[in-house]
1. Identify, from the list A243, A314, the residue that is at pLDDT 90 or above and farther than 23 Å from A219 by Cα.
2. T93 versus (1) open to solvent by 40 Å² or more (accessible area, probe 1.4 Å); (2) closer than 27 Å to D151 by Cβ; (3) modelled with pLDDT under 85: which is the lone unmet condition?
3. Of the conditions (1) assigned to a loop (DSSP other than H, G, I, E, B); (2) surrounded by fewer than 15 Cβ atoms within 10 Å (Cβ to Cβ); (3) modelled with pLDDT under 75, A319 satisfies every one except a single condition; which number is it?
4. Within region 318-353, can you find the residues that are polar (S, T, N, Q) and within 30 Å of A273 (Cβ to Cβ)?
5. Looking only at strands (runs of 3 or more DSSP E) that lie completely in region 124-197, which have at least 3 residues being at pLDDT 85 or above, of a type in the set (A, V, I, L, M, F, W, C) and surrounded by 16 or more Cβ atoms within 10 Å (Cβ to Cβ)?
6. Can you work out which of the residues in region 207-223 that are open to solvent by 40 Å² or more (accessible area, probe 1.4 Å) and assigned to a strand (DSSP E or B) is farthest from A244 (Cα to Cα)?
7. Pairs needed: first member in region 164-176, closer than 17 Å to A237 by Cα; second member anywhere, among the hydroxyl-bearing types (S, T, Y); C-beta distance under 7 Å; at least 6 residues apart or different chains.
8. Select from region 96-109 the residues that are part of a strand (DSSP E or B) and open to solvent by less than 50 Å² (accessible area, probe 1.4 Å) and list them in ascending order.
Amino acid sequence: MPVSPPSPSPSGADAADRALDARPADDPISAEHPPVPGRPKRRRWLARTAGILTALVLLVAAGLAGLWVWSGSDQSLATLLRQAERRMPAGQTLAAQDVSGSLRRGGRIGALRWQNESLAVELRGIDIGWQLGLLLQRKVQLGTVRIADVDVTRTGPAKESEPLQPLQNLTLPVRIDVPFQVDRIRWAGPPETVATALAGRYRYDGSDHRLDIDGVDVANGEHAVRLDVRLQLQGAAPMALDAAVNARVRTPVPGSDTRLTVLAGMTAKGTLATEAARLAVEARVRPLVAQGDPLPAPSGPGAPSPGARSPSAADPQAAAVRTAEAMQAALQATIAPWLPQPVLQADARFQALDVARLYPDLPETLLDGQVTVLPMTPAAPAGTASA
């Protein structure tokens, strides 16, 4: 005769529940302590939920660990760029070549080209180094970003852009420190312009943006310009701005073999947030003593002895140099950058000013005088000028 296996003995709370359920209905103890329905089901549901949550936590932890390991692989940077190429907005393309390195430590990009309907930008020889782990501390800290060449080419007519909207703030969720260096930047033009030896640093400390450009050389035809820039901008409103740009321009003097060095500087201080933004702008232009090859001495029969110079031969060139060396300009203005008419007030004074010495595509001038721009009032004209 088959013997059925003994059933497991109940224990703990289950035994107590079964004992209560087995009592007759007229048992006084049962009346005082009625059975609690569904308690075993509730415990099973809690155990099942805890198991699911534990599995989810383990799955997320495994995914993060795998992502961290993958971010350190030598192909992670190339994979990210391939994904970016596929997800560019309509009308824009991105192409990367010869990519190596990781998302965690940085790497090298042989060539990176971005293009839309009107502009193409190509970067070559890009070296980037960073510490991805600092993102956990809300920091983006890069080693020096080096780019060998940047080419910017217009590929079509520029689209009409919408009017700029006033800035409200420019705060960021992370602190940033990016030193950068670009060996050569070429704007295809016209006119063609080449900038070399760009070096600087951008920082955001959670409160202010700071941009320092320690120097960049810009060549445009026979003009050569050396620029340095200092800028500090508050991230939150009212976005206080303090900026300074200094330029050293080497330019030829018309009718002379001499090259003139012109110093130009501009400062801007004020605020940038909302339509109430106001900037006080000052600019000055003045030349250094002209430098260059000595003026040619006359030669041939009847020429004066060495050390002497014919006044008639020297005067035209000497006069051109003296005129160029007399060039002076000063500007003070109040600007409302977001208004349709941004110049609220301006006062400019100039002497022997030739704007072509500052930028070759401008016409040659010889300006003396003063220009004042004032707010329009019923009793006064909008501006006055004298020369």
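1. On the way: A314 fails: at pLDDT 90 or above.
Only one candidate passes the filter, namely A243.
2. (3)
3. So A319 meets the others, but not (1).
4. Step one: filter region 318-353 for residues polar (S, T, N, Q), giving 323, 328, 332, 334, 341, 345, 351.
Scanning region 318-353 gives Q332, T334, Q341, Q345.
5. On the way: elements: 139-141, 145-154, 175-187.
It comes to 145-154, 175-187.
6. So in region 207-223, the residues open to solvent by 40 Å² or more (accessible area, probe 1.4 Å) come out as 207, 210-211, 214, 217, 219, 221-222.
Still in the running and assigned to a strand (DSSP E or B): 210-211, 214, 217, 219.
Values: R210: 12, L211: 11, D214: 12, D217: 17, A219: 21 Å.
Residue satisfying both the conditions and the ranking: A219.
7. If the second residue must be among the hydroxyl-bearing types (S, T, Y), the pairs left are P166/T274; Q168/T274; L172/Y204.
8. Answer for region 96-109, where residues must be part of a strand (DSSP E or B) and open to solvent by less than 50 Å² (accessible area, probe 1.4 Å): A96, V99, G101, S102, G106, G107, I109.
The values are calculated or read from the model by the stated rules, or taken from the named source; none is laboratory data. Keep in mind that what you see is a predicted model, and the values were worked out from it rather than measured. When we count neighbours, we look across all protein chains shown, and the Cβ atoms used for this are built from the backbone with ideal geometry, even at glycine. Quick note on the areas: whole protein, heavy atoms, side chains included, nothing else; ligands and nucleic acids left out. Shrake-Rupley method; radii C 1.70, N 1.55, O 1.52, S 1.80 Å.
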